[in-house]
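Inspection log for the structure reproduced underneath, given as structure tokens.
All of the numbers you see were taken from the coordinates with simple rules; none came from a lab. Everything numeric in this text was worked out from a predicted model, so none of it was measured. No Cβ is skipped: glycine too gets one built from the backbone with ideal geometry, and neighbour counts run over all protein chains shown.
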Amino acid sequence: MHIDPRLLALVDETRLLVAVFGPGFGESIAVRVPPEHWIVIDSLGEPRSDPTEIPALELVRTVGESTDAVIMTHPHADHAIGIDRLVMEHVSGPIGCAPLWLDTAEASLEDNDREKQLEAARKNKAQRAIAARWEDDPSTRWELRAGATTRVADAQLTALHPDDHTLKAPPAEPNALSTPLLVEWFDVRLVLGADLLTGYWTAAQAVGGVLTDHALAKVPHHGSTTALDSAWLDVHPGAPHWLLTPFNKGKKLPDFEEDEGLDQMLRNVDEVHLTALGRRPSGAVAANRRMTLAAARPLMRGTTRRGITFSKKSTSRLESSWVAAAFNPDGSISGRLQRGTSAFTVLRG
């Protein structure tokens, strides 16, 4: 896999790098803590895809370094497939996972749908890899629950969920148990939202403090309206950088319609950066990867009465579906935020 030179140019001995990857199905985040320490959060991949095609891992390899922490926020396929590869190449340092996920590894294999069976098998491979590594090397065990912390060089990672109350009666929806992370490095705060839904963020805020105070947020659950919670959403307009990964299955996210995902987000920030569109855009959208929501909405709208039509084959190329930024210790961004050629920025208006 080719890594864009513009992304490599952000690697610096004095600045924190965060890169978010997502082609339309799958999400992975790489954080580089100076001088040479890497955190990789989640993986991405289709059930039938090459398991070595993990952009975050390829970035680490290209720089000639290795991972210092690997984290699985929850075992949905778009976050978990490929985690086993990350675990296999991980030399030392924490491997984060909520223990309850390791007890559910076989549950979904009973589905009669062959595609779902393949997907479940790939997820289970990731879960089993974590369990085996924890058993072989207990020093790597980092159990993700609200308030759990670990350090990677000068960065502190805090798990914001699940809390004890939720774990006592776990909901059936895995997103409600996913683990957002707060990454703090000097004056830089990153809120990496996983897929946590609204209603659970108040408890997360009790752990992480004022979550609206952040330099960058990875928007939870692909920008779904069901994850837009005031605990992280109500920031001062124009201040932080918000990145999200699209989702090209089921409901199709993010939603461009009025009063839905992007519209609500853009009431709080000036722009939202998508790692890709996750859909086949019109010629006008493809030619201009930076548009106001009002301009993009009719171009993105499909033939259905409401919403957007996605192509089944509309995931963007892995190597071009990313957004990244480097931060100085004082919390300011270094230079400009960088985007892959498949990324798309939606502006207020």
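Observations
- For the peptides 243-253, 263-273, 332-342, 167-177, the ranking by mean Cβ contacts within 10 Å, running from highest to lowest, is 243-253, 263-273, 332-342, 167-177.
- Karplus-derived HN-Hα couplings along the range 224-230 (A = 6.51, B = -1.76, C = 1.60, θ = phi - 60°), whole Hz, x at Gly and Pro: 4, 4, 6, 10, 7, 10, 4
- Listed values for the range 26-41 are Karplus-derived 3J(HN,Hα) couplings in whole Hz (6.51 cos²θ - 1.76 cosθ + 1.60, θ = phi - 60°), namely x, 8, 8, 10, 10, 10, 9, 9, x, x, 7, 10, 10, 10, 10, 10, and x replaces Gly and Pro.
- DSSP beta bridge pairing in the range 5-347, given as percent antiparallel to the nearest 5: 65 percent
- Under 5 Å, built H, 5+ apart or other chain: amide partners of Leu16: Phe327
- Cut-off 14 Å between beta-carbons: net charge of the residues surrounding Thr226, Lys and Arg +1, Asp and Glu -1: -4
- Using a Gaussian network model of the chain in which every pair of alpha carbons under 10 angstrom is joined by a spring, one finds that among Val183, Val60, Val210 the greatest mean-square fluctuation is at Val210.
- For Glu135, Glu36, order by how many other beta-carbon atoms lie within 10 Å, fewest first: Glu135, Glu36
- For Trp38, nonlocal amide neighbours, meaning residues 5 or more places apart or on other chains whose placed amide H falls under 5 Å from its own, are Val33, Asp68, Ala69.
- For the range 182-188, 3J(HN,Hα) computed residue by residue from phi via the Karplus equation (6.51, -1.76, 1.60; θ = phi - 60°) reads 9, 10, 10, 9, 6, 9, 9 Hz, glycine and proline entered as x.
- Contact order normalised by residue count of the chain, Cα under 8 Å, 6+ apart, percent: 17 percent
- Dividing the helix sum by the residues of the chain, where each DSSP H run of 4 or more adds -39500 (n - 2.57), gives a mean residue ellipticity at 222 nm of -6000 deg cm²/dmol.
- Sorting Asp4, Asp103, Asp195 by the number of Cβ atoms found within 10 Å of their own Cβ, with the fewest placed first, yields Asp103, Asp4, Asp195.
- Distances between placed amide hydrogens fall under 5 Å for Arg290 paired with Thr345, all partners being 5 or more residues away or on another chain.
- Expected-Rg normalisation [2.2 N^0.38 Å, Cα atoms] applied to the chain: 0.92
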